Amino acid sequence: MRDRPTGEELLACARRVLREKVLPALPGEHKHDLLMALNAMSIAERQLHFGEAPERQELAALSALLDESFADPGEANRRLSSRVREGGGDPGQPQRTELFAHLRAAARQRLLESNPKALNGAIT
Amino acid sequence: MEQNILRALERFIVREARGESAAITNARILSGGAVQENWLLNVDIVGGMHAGSMECVLRCDSPTAGVAISHGRAQEFALLKTVFTAGVTVPEPLWLCEDRTVIGRQFFIMRRIAGTAAGHLLVKDGRYGGDRVQLAERLGHELARIHSVRPPQSALDFLPWYEDAPALHSVKLHRHFLDAHHTAHPALEWGLRWLERHAPARGVISLCHRDYRTGNYMVDESGLTGVLDWEFAGWSDPLEDIGWFCAKCWRFGKVDQEAGGIGVREDFYRGYERESGHSINRDEVRYWEIMAHMNWAIIAIQQGERHVSGEEDSLLLALTGHIVPELEWEILNMTEND
C-alpha cells in the first residue's frame, strides 16, 4: 500500500508552488511554457482522481450497447465506430437515442479529464 | 548564419534583383518552427529595380522538417505569387531559389510585413488590429479576393484535384485517417456520418486558404498587414474558409465575437459579400463550422500523435492531442437533432 500524499495530491501541491511562487517570477516569454506545464499537470491530476473507473464503466456500457462482451474498450470502440459509420445511429434507427447517449457520456468523461471548463460552454 | 552562406545569399540577391551589389547588414532567426524557419534579412541593394535598403524574410524548411501535408517552398512561393497578383494582402514574394547548392536548402525571399499574429493577444487587447468593425470587414474582403482565384491555374497544378463534392471529399480523407489510426473515435464517426448525410453538393470551386483564422494573419495598431500560413491551401468550397474562420473553436475564448473572436459575424460577411458580389448562404456556413471542428479534431489527433509516436518531444503537441474531447463535445452538441 502506498503512503499519502498520493500522486494526485503531490501534483496539486506542486502546481500551487509553481503557480503562486514560480509563475510571477518568470519573464514573459517563459510564462507560456509554465502555463502549458500546469495544464498538463492538471490533466494528469484529474486522470489520477478518476482512476480506472471510467474505463471500466465505458467497457460495460459498450458491451451492453453492442450486446457482446469485450476485453478492452479499444476493440469495442472500433466496433461502435463501424456501426455508426454504417448508419446505425441515423434518424429513425432503433438504437439512435441509446447510442447518442453513450457517445455523450463517454465524451463528457473525457472532457472532465482534459478540460472540464469546456462543459460550461467555454472553449479554448 | 555563417559567412559563406551570407555571401552566397548576397550573390543570389544581386543576380535576381539585377543590381550591382547587395550587402546583408543583419540576419537573425525570427521563428524556428517544426516545419519551417523564417530569417529576417536586412539588405542594402545598389542598382537595379530594388535599389535601396530592404527588409525581407527568408523562408526555408527546418533541418528536421518531415510533415508531408504542407507544401514545399516552391509551391508556397507559387501560391503567394498567385494570391499577391489577385490582390490579397500578403508579404510580396520576391525570389525563389530551388537550387539546394546555394545555401543547402530550398528557400524563398519575401518582403517583410510588420505586426503581430498572436491570436490570444488579438482577441483580448484592443490595441491590436485597429477598429474592429473595419478589421472584420477587411478580413471578409481579403477572403473574397482569395476566392476570386478559380481553377484551372497552371502555376498551381500541384494542388490535388478531385471531382466529388468538397465536403464528401473531406469526409473520405478523415475516414481514411481514422481507419489507419490505432485508436477509434466513435464520436468523430458520429460527426462524419452527420457530415456525410448533410453534405452540400459540389458547387463553385475556388482557391481556399484552408487555415484562414485568427492567429494566421498579421495586424498592427491600424489594421491588417498580411495573410499568413498558406501551407494548407487547396481547391474547395469557399464556404469551408468562412466556416473555419467563424467556428467557435477559433475564437480564442471570445465566443460572443463570432467572427474569429475579433468581430461581429455580419461585419465579416459584409466585407466578403461586397467584394465578391455573392451573398453568403448562412445555413450552409453552419455546416462548414461543424466541418471545421471535425478538421481541427483530426489535425489535433495528428499533432498529438507526433508527440506520442516519439517523432517529436513537445508539450505543445502533447496538449494539442487533449483538445480532441472538447471538439468532440461541440460536434455532438451541434449534430444531436438531425
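The values are calculated or read from the model by the stated rules, or taken from the named source; none is laboratory data. Just so it is clear, the model here is predicted, and its values are computed rather than measured. For neighbour counting, all protein chains shown are included, and Cβ atoms are generated from backbone atoms with ideal geometry for every residue, glycine included.
Data for the structure
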read-out: Candidate set: segment B:6-25, residues that are crowded, with 18+ Cβ neighbours inside 10 Å and of a type in the set (Gly, Ala, Ser); chosen: the one farthest from B:LEU58 (Cα to Cα); value: B:GLY19
read-out: Number of the exception - B:ASP267 against (1) touching a Gly at 6+ places or on another chain (Cβ under 9 Å); (2) under 26 Å from B:LEU192 (Cα atoms); value: (2)
read-out: Checking A:SER42 against (1) surrounded by 12 or more Cβ atoms within 10 Å (Cβ to Cβ); (2) more than 14 Å from chain B (Cβ to nearest Cβ), the condition it does not meet; value: (2)
read-out: Only listed residue being within 15 Å of the chain's Cα centre (by Cα), assigned to a helix (DSSP H, G or I) and crowded, with 16+ Cβ neighbours inside 10 Å, chosen from B:LEU143, B:LEU192, B:LEU178, B:LEU188; value: B:LEU143
read-out: Candidates B:THR89, B:THR116, B:THR85, filtered to the one that is polar (S, T, N, Q) and free of Cβ contacts under 8 Å to residues at least 40 places away in the same chain; value: B:THR85
read-out: Residue within segment A:68-84 that is among the basic types (Lys, Arg), within 20 Å of A:ALA12 (Cβ to Cβ) and either assigned to a loop (DSSP other than H, G, I, E, B) or within 10 Å of another protein chain (Cβ to nearest Cβ) (or both) present; value: no
read-out: Selection count, segment B:174-213, where residues are in contact with a Ser or Thr (Cβ under 7 Å, 6 or more places away or on another chain) and basic (Lys, Arg); value: 1
read-out: Qualifying position, being within 21 Å of A:ALA118 (Cα to Cα), charged (D, E, K, R) and crowded, with 18+ Cβ neighbours inside 10 Å, among B:GLU275, B:GLU240, B:GLU289; value: B:GLU289
read-out: Qualifying residue in segment B:268-284 (condition: farther than 26 Å from B:PRO151 by Cα and in contact (Cβ under 8 Å) with a residue 60 or more places away in the chain); value: no
read-out: Filtered residues of segment A:94-123 (kept if surrounded by 14 or more Cβ atoms within 10 Å (Cβ to Cβ) and outside any helix (DSSP H, G or I)); value: A:GLN95, A:ASN115, A:ILE123
read-out: Failed criterion for B:PHE108 (all others in (1) touching a Cys at 6+ places or on another chain (Cβ under 8 Å); (2) outside any loop (DSSP other than H, G, I, E, B); (3) surrounded by fewer than 20 Cβ atoms within 10 Å (Cβ to Cβ) hold); value: (3)
read-out: Single condition B:LEU319 does not satisfy, out of (1) closer than 11 Å to B:LEU188 by Cα; (2) hydrophobic (A, V, I, L, M, F, W, C); (3) facing another protein chain (nearest Cβ under 9 Å); value: (1)
read-out: Looking only at segment B:244-259, and only at residues there that are of a type in the set (Gly, Ala, Ser) and buried (at least 22 other Cβ atoms within 10 Å of the Cβ), the one that is farthest from the other protein chains (Cβ to nearest Cβ); value: B:ALA259
read-out: Top-ranked residue in segment B:301-323 [being in contact with a Phe, Trp or Tyr (Cβ under 9 Å, 6 or more places away or on another chain) and assigned to a helix (DSSP H, G or I); ranked as surrounded by the fewest Cβ atoms within 10 Å (Cβ to Cβ)]; value: B:GLN302
read-out: Residues of segment A:85-114 that turn out to be within 8 Å of chain B (Cβ to nearest Cβ) and free of Cβ contacts under 8 Å to residues at least 24 places away in the same chain, as a count; value: 12
read-out: Flag for B:ARG150 being basic (Lys, Arg), touching a Leu at 6+ places or on another chain (Cβ under 9 Å), surrounded by 15 or more Cβ atoms within 10 Å (Cβ to Cβ) and at pLDDT 95 or above; value: no
read-out: Residues located in segment A:115-124, provided they are more than 7 Å from every other protein chain (Cβ to nearest Cβ) and under 17 Å from A:HIS49 (Cα atoms); value: A:PRO116, A:LYS117
read-out: Filter pass, B:TRP194 being of a type in the set (A, V, I, L, M, F, W, C), touching a residue at least 40 places away in the same chain (Cβ under 8 Å) and more than 10 Å from chain A (Cβ to nearest Cβ); value: no
read-out: Scan of segment A:20-38 for residues that are in contact with a Leu (Cβ under 6 Å, 6 or more places away or on another chain) and not hydrophobic (A, V, I, L, M, F, W, C), ordered by number; value: none
read-out: Positions within segment B:237-262 being of a type outside the set (Phe, Trp, Tyr) and assigned to a helix (DSSP H, G or I), in sequence order; value: B:PRO238, B:LEU239, B:GLU240, B:ASP241, B:ILE242, B:GLY243, B:CYS246, B:LYS248, B:CYS249
read-out: Number of the exception - B:GLY115 against (1) of a type outside the set (A, V, I, L, M, F, W, C); (2) under 18 Å from the mean Cα position of the chain (by Cα); (3) at pLDDT 95 or above; value: (3)
read-out: Among residues of segment B:276-300, those that are part of a loop (DSSP other than H, G, I, E, B) and polar (S, T, N, Q), counted; value: 2
read-out: Selection status of B:ASP220, among the charged types (D, E, K, R) and more than 14 Å from chain A (Cβ to nearest Cβ); value: yes
